[in-house]
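The values are calculated or read from the model by the stated rules, or taken from the named source; none is laboratory data. Small disclaimer: the values here were computed from a predicted structure and weren't measured. Counting neighbours? That spans all protein chains shown, and the Cβs are built from the backbone with ideal geometry, glycine included.
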Amino acid sequence: MTCFSRFYKREKLISRTLDIDEELYLELERLSNEVYDASISKLVNASIENLIKTENIQIYERKKTSYVSRSFLIRYSFLEGLYNLKRKYRVPIYLLVNIAIRNVLLEELEEKNK
């Protein structure tokens, strides 16, 4: 195992514009600027990867949710995984991405509170 094994192999990135819960996006922005050495797109990709692996699809309802349209570069294989989840659970892609982000942010909060 080399030190480079923690990096992904180069893969085609697809630009997608999605509606993201504004609160989730602001938290991603904070994490990108203050905590991690990663772009928002990389944080979104990590969230999507986690969702694809766990299939932890918990629909959540938020009152007074405002969405913002944002463009992300999503790894091709993760986009395929999202389409598979969409077919399996009949949930729109933008909602799957919001769920993925929310799941990871909740995990982040739990780790922080320990």
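Which residue is surrounded by the fewest Cβ atoms within 10 Å (Cβ to Cβ), if the candidates are limited to segment 87-114 and must be over 15 Å from the mean Cα position of the chain (by Cα) and either in a helix (DSSP H, G or I) or among the aromatic types (Phe, Trp, Tyr) (or both)?
For segment 87-114, the residue satisfying everything is Asn113.
What is the number of the single condition among (1) surrounded by 11 or more Cβ atoms within 10 Å (Cβ to Cβ); (2) in contact with a strand residue (DSSP E or B) (Cβ under 9 Å, 6 or more places away or on another chain); (3) modelled with pLDDT of 95 or more that Leu28 does not meet?
Going through the list (1) surrounded by 11 or more Cβ atoms within 10 Å (Cβ to Cβ); (2) in contact with a strand residue (DSSP E or B) (Cβ under 9 Å, 6 or more places away or on another chain); (3) modelled with pLDDT of 95 or more, Leu28 breaks only (3).
Note down all Cβ pairs under 7 Å where the first residue falls in segment 20-47 and is over 16 Å from Glu111 (Cβ atoms), the second is among the basic types (Lys, Arg) and outside any strand (DSSP E or B), and they're at least six residues apart or on different chains.
Partner pairs satisfying both residue conditions: Asp21/Arg62; Leu24/Arg102.
Scan segment 34-70 for residues that are among the β-branched types (Val, Ile, Thr), in contact with a helix residue (DSSP H, G or I) (Cβ under 6 Å, 6 or more places away or on another chain), surrounded by 14 or more Cβ atoms within 10 Å (Cβ to Cβ) and not in a loop (DSSP other than H, G, I, E, B) and report the count.
Within segment 34-70, residues that are among the β-branched types (Val, Ile, Thr), in contact with a helix residue (DSSP H, G or I) (Cβ under 6 Å, 6 or more places away or on another chain), surrounded by 14 or more Cβ atoms within 10 Å (Cβ to Cβ) and not in a loop (DSSP other than H, G, I, E, B) number 3.
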